[in-house]
Amino acid sequence: MKISLIVPSVNQAPTHRPRACVYCEEPILHRHGTVSKPLEDHKMSRVEAHRYKCLGCKRTFRHYPRGVTNKTQSLRTVVLAALMHGLGLSCSATSHLLGALGAQVAKMTVWRDAQEAGEALRKSRPAGRVRVLGADETVYKVKGREVVVGFVVDGAGGRTLGFEVLFEGDGHSFREWLEPYVKGFGVEVLVSDDNDSYSVAAAELGLDHQVCVAHVRKYVAKRSKAILEQAEKEDRKTDHHERTADLEEDLLRVRQLVEDLGEPGEAELGRMHRRYLWARPPKAKERASAGYRMRMLTLELSSKWGKLLLHRRRPELEMDGTNNASERAIGKSKVRYKTMRGYKSTPGMSNGIALTQWLYSGEDEHDLAREMAA
Ligand SMILES: [Zn+2]
């Protein structure tokens, strides 16, 4: 991924007069002297600021050159500190690196710069139409505790639309989490992994639902292996060898159907399911038999078939049937996270996520100073 990072320049002295008084907007101002301002910056140690007196409110204020604010740091060291931190350096490593370049920026200042950048980025909300919404959750550690964060992406382009701390994992909470996106972007389809809370939310929000086919294939492979192993164990106790051979063949067929994802799969799974109706549910404290597990697997897949095939049934939406877009979005903020031992606060975590999502958004140009000024 190519990223072009824009770092603002710093001027030695103001090149133009202020347009109006910073307090009362009065345009008529009197120049009221010049002050020399010490600056933490890797190229300049001092800049000139001009003082002005307002004829309206009689107050005086400083007018700074481009790239300078009332902070001791230049704007470019704020941006550099936030970028270095966002790209993976710790606060103290960032402080050392800026120090080596000639700008003394304390590690607490680096932390504040990164927070300020993250807060600014969190305020900017994407706009536009999104027909396919991808959603997924991940876990972060905040002060040693696990915090679940839900990510929402544009399922087609992969753009991150937002993220939220999720306190509950039930269908109702997922609906509340996703509803503003669905309404704001005019969403038609939800893509997610095979978690019932997403199914509930999708149904309540009136969305079509695509369940990630990669997840389902993986879990069908795992379940068929477990069912077959159990059948072989049951075999040794009784004498049902033929039945196990049939089961093995059926399991292979199930995996093939899930691989092919054809329209007739639903009916075939339904027929297969009826052939396992002989398998009784387990009694209390009893383990489910291999046959019963097969009965349930075929039932589950045939009833879910429409959610697996949605991407084929609605080709105009250009979905690939997976939830990979959401997983990639989460990955953008995990690169940074892997080098840390967790976050110290929830806002700190949110700012860190905002900064990394923005850095790896895939946009060509990244102008942090512009985002922070907006
Ligand atoms: Zn004024």
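Can you give the convex hull volume of the alpha carbon atoms of the chain per residue, in Å³? Intermediate results must be reported in sequence, preceding the final value.
On the way: hull volume 71.1 nm³, N = 374.
Value for the chain: 190 Å³ per residue.
Between D196 and E316, the simple label model (points 7 Å from Cα in the Cβ direction) yields a spacing of 3.5 nm.
Which net charge results when you count Lys and Arg as +1 and Asp and Glu as -1 among the other residues whose beta-carbon is under 10 Å from that of I3? Before the final figure, lay out the partial values.
On the way: positive: K2; negative: E363, D364, E365.
So the surrounding residues net to -2.
Between R236 and Q12, the distance separating the two model label sites (each 7 Å from Cα on the Cα→Cβ line) works out to 8.7 nm. Summing +1 for each Lys or Arg and -1 for each Asp or Glu among the other residues whose beta-carbon sits under 14 angstrom from that of L308 gives -2. Comparing G331, G155, G128 in a Gaussian network model of the chain (Cα springs below 10 Å), the most mobile by mean-square fluctuation is G128. Computed 3J(HN,Hα) for the stretch 5-12, one whole-Hz value per residue from the Karplus formula 6.51 cos²θ - 1.76 cosθ + 1.60 where θ = phi - 60°, is 8, 9, 10, x, 8, 10, 9, 6, glycine and proline marked x.
What the Cβ-Cβ distance of K285 and E176 gives, at R0 = 25 Å and to the nearest 0.05, is a FRET efficiency of 0.10. Of all DSSP beta bridges in the chain, what percent run antiparallel (nearest 5)? If I count the DSSP bridges inside the chain, around 70 percent turn out antiparallel.
Here the calculated FRET efficiency for R253 and A106, from their Cβ-Cβ distance with R0 = 51 Å, stands at 0.20, rounded to the nearest 0.05. Considering helices alone, the calculated mean residue ellipticity of the chain at 222 nm is -15500 deg cm²/dmol, with DSSP H runs of length four and up weighted by -39500 (n - 2.57) and normalised per residue.
Per-residue Cβ neighbour counts within 10 Å put S333, S9 in the sequence S9, S333, beginning with the fewest.
Among the GluC sites (Glu not before Pro) in the stretch 82-185, those placed in a DSSP loop whose Cβ has at most 13 other Cβ atoms within 10 Å are E168. When only alpha carbons are used to place a centre, the stretch 160-191 and the stretch 249-284 end up 32 Å from one another.
Taking GluC sites (Glu not before Pro) across the stretch 301-342, the ones in a DSSP loop with at most 14 further Cβ atoms lying within 10 angstrom of their Cβ are E318. Applying the criteria of a DSSP loop state and at most 13 other Cβ atoms within 10 Å to the chymotrypsin sites (Phe, Trp or Tyr not before Pro) of the stretch 1-73 yields Y23. With K and R counted +1 and D and E -1, the other residues having a Cβ less than 13 Å from that of H273 yield a net charge of +3.
Which log10 I(q)/I(0) values does the stretch 24-120 give at q = 0.12, 0.16 Å⁻¹ under the Debye formula, counting every alpha carbon as one identical point scatterer? Those come out to -0.47, -0.70, one per q.
Using the Cβ-Cβ distance between A20 and R66 with R0 set to 25 Å, the FRET efficiency works out to roughly 0.90. Mean silhouette area of the stretch 214-304, derived from the convex hull of its C-alpha atoms and averaged over all directions, reads 6.0 nm². With all pairs of different C-alpha atoms in the average, the Kirkwood value for the hydrodynamic radius of the stretch 238-353 is 18.0 Å. Take the Cα of I3, step 7 Å toward its Cβ, do the same at W278, and the gap between the two points is 6.1 nm.
Every number here is computed from the coordinates shown, using simple stated rules; none is lab data. The model shown is predicted, which means the values in this text are computed figures rather than measured ones. Methodologically, a virtual Cβ is constructed for each residue, glycine included, from the backbone with ideal geometry; neighbour enumeration extends over all protein chains shown.
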